[in-house]
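Notes follow the structure.
Just so it is clear, none of the values below were taken in a lab; they were calculated from the coordinates. Note that the coordinates shown come from a computational prediction; the quantities given were computed from them, not determined experimentally. Heads up, the Cβs are rebuilt from the backbone with ideal geometry, glycines too, and the neighbour counts pull from every protein chain shown.
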Amino acid sequence: MTESRPTVNIKLPTLEKFRVMNATFPKTREIMEWKQSGKKVFGWLCTYVPEEIIHAAGILPIRITGSIQETELDDGNAYLYVNSCSFSRSCLQLGLRSEYDFLDGVVGGSTCDGARRLFDLWRQYIGTPFHHVLTVPRKYTEKAHQLYYQEVLQFTRHLEDHLGFKIAEDKLLESIKLYNESRSLLKALYDLRKMEKPPITGAETMEVLNASFRMPKELFNSWLKDLLKELAECDCANTGRARLMLIGSVLTNPDFIKAIENQGGLVVTDELCTSTRYWSDPVILDKNKSLIESISRRYLNNFPCARMFPSDERFDRIVEYIKDFKVDGVISQIVRYCVPYSHDLPLLIKKLKNIGIPLLALDVEYGTPGSGQIQTRVQAFLEMLEVKTK
Amino acid sequence: VTISKNDRIREIVHAIKIIMRMQKAQPGFRKSEEAYYRMLSNYFNRILEAAGKGDFIAAHTVFFPAEIIYAMGLVPMHTESTTWTISLFTGKCDDMVSKGIELGMASEICTPHRGLAGAYALGALPKPSVMVWSNMVCDNTAKSGELIMDMFDIPGFFLDRPFKDSRNEIEYFAGELQDMITFLEEQSGKKMDWKKLGETVAHLDKEIQLIREINELRKHVPTPFSPLGFLQLLTVDYLFPGQPESIEYLELLLEELHQAIKEGKGAVPKEQFRLMTLFLPPIYLMSFLDKISQKHGAVSVVEPFFTFWGEGRLDPTKPLESIARKSYMIPEARMYGPMDDRAINSIKQCAKEYKVDGAIYYADVGCRHSCATIKLFKDILNDMDIPVLTIDCDVVDETSITPGELGEKLDGFFELLEDR
């Protein structure tokens, strides 16, 4: 293992396009152009919301996220109280400050306390013409799948009633194919990160991931294809003192990953609801099931959030990624008051200890760029990993 | 199964015995009070006895349908409320909470759950035979079971309760209940007594009806029910759902309230302020709160999330569907379901019908789902010209607020109400 720092890549013009787009979110040029063409934009609050349904209705689904950087959350604190996670507070703050005033609808899920309260207060104080909250079961049983299918059906009917037209089957199929293409492109990107010297860093990957839920999928796929081409052609190669996996709560600030990589760690994979938990599993088309049921099954079976039971499903996937990406150590970043992940931590630490993988647990606020204290702890963690591998 | 010397259950039983003896010596000691403490004592004695004999104990989380455990002839142990009861009767929770942190539980996890895990790790509670839990009421309850299963290497069952109350969701939940019964049958070797479950549901329906009748009497001015008596109504459903002893207690209480109204007796010498209580006050300060309420003539007359049951009746011929429906009628279901117009209107209805002068919002710093609605409920009540006092506290952590601090806040609030 070398001790060189990950190089900052200047040979990837498409990455720059992703960066520029993310820097102007929520009111990006791409979203504003969509709106100006007379089409609707819906915000979604959790990865269990089936985007394909919204997309098939001719609406642009985007993920509601908070401020790019850690910031004062005066409005968020006043409306949601300080013991809601800073992600929810940051999202609400942007909403209250009219940053999302272009939204025509908001869709949430009963996924965690933070997400459902964010939905409640959004509906009450911000308001958009359409609101819907889906019940999301916490199990993967056949009965749970049937319930979620009914929920997704109900959501589809509600949306159709609101729009005044039926979502056509062929449109739904097109959306499924488009989103699956996006997933397979992201998988191709992640496969590059399995290399001994990946051509893209963790921080750079985060820019791509953020863009994946903030822009029209058609455009995103085209940009990502360009980026994959650039990555194949450039001589980019990143190394680090240790190969790391980043897990835990929601994260959108690439500077946080940069802070880790600046210490010499190379983030080669992750388990975040803004990364693998968002894109990893495709919709599997089954001729014995309706398209909507295929979609609902994908969302409930997708890489699980810590809210799901049993937790071993999530833990086993993490272990699988550790092996596939040859991970030396895991960094868990949990946004304060993110209870599902906090509860899982003691059990996960035990599980990883059994396979000899150390875990560094960081309590963070959403949007943090990685403070000096975090950098010091990462530095110590990397030293420990180096000693371990000697 | 061994009982630790550090056993807090034994301490609870001992404390209840002393309280009962002291209360009995007081003039005007009510029969309902005696029935209440007796059933509380029986509850914890039953756990002690089961632990001693190695009988099957099913530990369960808050709002879990313990009526099923009772109907199977098994011994239930309510986890969160046991932590609260330890705090209430022994005042010793700090070591349990600290132990929870030592186990790796983040400080933002609420103290009842940190304390619970800590209590088990300390051996302060007997080892359960199984852990059964649900996602009612929050992420903490949903996530608490697996750690306890791991800690004791015991089997468990997670009961997935859907968010909304559509027909599909009620059917799903009834199916979950059936699966849970199968699990308990396999683990305990005991079969469900369906006749008994039907009777339990009939009792449950009666219990809810009695609470509704009691609530009606609480509308009376002056209100006849004690300032913080609502905690007893809450405990009835937490610990004794559908049990004959809860019916006995509620019937005695109802009779006493009728009598008090007939005699023109209020719960406090001079009723000054009729309050709405939002969420749980610090349990360890209950006697202090009682004194201050008596001093100011302040009485909690309605608690939308604890005692104000939703509409509907239960059908003993459809026990599982009824228990599933009950989970949506529970007052706190308003908090763990969608915060829609139906939930918001019930707050307005309570404020109006109970002639509320002010509301106290106990903002438990560990409770995310309740604190996130402080602003929302304040706005709703303020629009009705009802002032709201928010008190930052913790339900069991004694370091969160002292009696002095709490007294100062309440004195100030009552002065404000008086000025109005």
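Observations
- Taking the stretch A:133-249 and dividing mean pair separation by its residue count, relative contact order in percent (alpha carbons under 8 Å, at least six apart): 23 percent
- Whether chain B is rounded, prolate or oblate, judged on the alpha carbon gyration tensor where a/c under 1.5 counts as rounded: rounded
- Rounded to the nearest 500, the helix-only mean residue ellipticity at 222 nm of chain B stands at -18500 deg cm²/dmol, with each DSSP H run of n ≥ 4 adding -39,500 (n - 2.57).
- Added length on full extension, which subtracts the Cα-Cα distance from 0.36 nm per residue, B:GLN209 to B:ARG167: 12.8 nm
- Rounded tilt (10° steps) of B:8-25 against the dominant C-alpha axis of chain B: 40 degrees
- Shown for A:ILE257, A:ILE357: other C-beta atoms within 10 Å of each C-beta, ranked fewest to most, produce the order A:ILE357, A:ILE257.
- Averaging over all projection directions, the Cα-based convex hull of the stretch B:288-420 occupies 9.5 nm² in the image plane.
- Proximity of backbone amide H atoms, modeled 1.01 Å from N, is registered between A:SER332 and A:ILE247, A:LEU360, A:ALA361, A:LEU362 at under 5 Å, excluding neighbours fewer than 5 places apart on the same chain.
- Its DSSP H runs of at least 4 residues, each contributing -39,500 (n - 2.57), put the calculated 222 nm mean residue ellipticity of chain A at -16000 deg cm²/dmol, to the nearest 500.
- For B:ALA359, residues with placed amide H under 5 Å, excluding near neighbours: B:MET276, B:VAL388, B:LEU389
- Degrees between helix B:139-152 axis and first principal axis of chain B (Cα, 0 to 90, nearest 10): 40 degrees
- By the rule of a C-alpha distance below 17 Å, with chain neighbours fewer than 8 residues away ignored, the aspartates and glutamates paired with B:LYS219 are B:GLU255, B:GLU256, B:GLU263, B:GLU271, B:GLU303, B:GLU353, B:ASP357.
- For A:LYS39, A:LYS323, B:LYS164, order by how many other beta-carbon atoms lie within 10 Å, fewest first: A:LYS323, A:LYS39, B:LYS164
- When you restrict to C-alpha pairs under 8 Å that are six or more residues apart and normalise by the size of chain B, the relative contact order lands at 16 percent.
- Exceedance of the 29 Å cut-off in Cα-Cα distance is limited, within the set B:LYS191/B:LYS326; A:LYS17/A:LYS351; A:LYS27/B:LYS378, to A:LYS17/A:LYS351; A:LYS27/B:LYS378.
- Among the listed pairs B:LYS143/B:LYS348; A:LYS40/A:LYS171; A:LYS225/A:LYS287, those beyond 21 Å (Cα-Cα): B:LYS143/B:LYS348; A:LYS225/A:LYS287
- Cα gyration tensor shape of the stretch B:248-360, rounded if a/c is under 1.5, else prolate or oblate by comparing a/b with b/c: prolate
- A simple spin-label model places the labels of A:MET195 and A:ALA380 3.6 nm from each other, with each point 7 Å out along Cα-to-Cβ.
- Going from the residue with the fewest nearby Cβ atoms within 10 Å to the one with the most, B:ASP340, A:ASP74, B:ASP165 rank A:ASP74, B:ASP340, B:ASP165.
- For the stretch A:84-99, the residues whose amide N sits under 19 Å from a probe point set 7 Å from the Cα of A:LEU219 along the beta carbon direction are A:99.
- Taking 19 Å as the limit for the C-alpha separation, the pairs A:LYS197/A:LYS258; A:LYS143/B:LYS196; B:LYS262/B:LYS291; B:LYS31/B:LYS92 exceed it in the case of A:LYS143/B:LYS196; B:LYS262/B:LYS291; B:LYS31/B:LYS92.
- Cα→Cβ-extended label distance, 7 Å offset, between B:MET22 and A:LYS350, nm: 4.0 nm
- Cα gyration tensor shape for the stretch B:350-420, rounded if a/c is under 1.5, else prolate or oblate: oblate
- The stretch A:51-126-the stretch B:341-363 distance, computed between alpha-carbon centres (Å): 27 Å
- Relative contact order for chain A: 22 percent, from Cα pairs under 8 Å spaced at least 6 residues apart, divided by residue count.
- Each principal axis of the Cα cloud of the protein assembly as shown was taken in turn, and the coordinate range along them, longest first, works out to 90, 60, 56 Å.
- Distant-in-sequence amide H partners of B:SER300 (H built 1.01 Å from N, under 5 Å): B:LEU275
- Its alpha carbons give the stretch B:65-211 an Rg and a Dmax of 16.5, 46 Å.
- Axis angle, to the nearest 10 degrees, between helix B:230-239 and the longest C-alpha principal axis of chain B: 10 degrees.
- Vicinal HN-Hα couplings computed from phi for the stretch B:183-189 (Karplus, 6.51 cos²θ - 1.76 cosθ + 1.60; Hz; Gly/Pro x): 4, 5, 5, 5, 6, 8, x
- For the stretch B:129-138, Karplus couplings with θ = phi - 60° (6.51, -1.76, 1.60), whole Hz, Gly/Pro x: 7, 9, 10, 10, 8, 9, 8, 7, 10, 7
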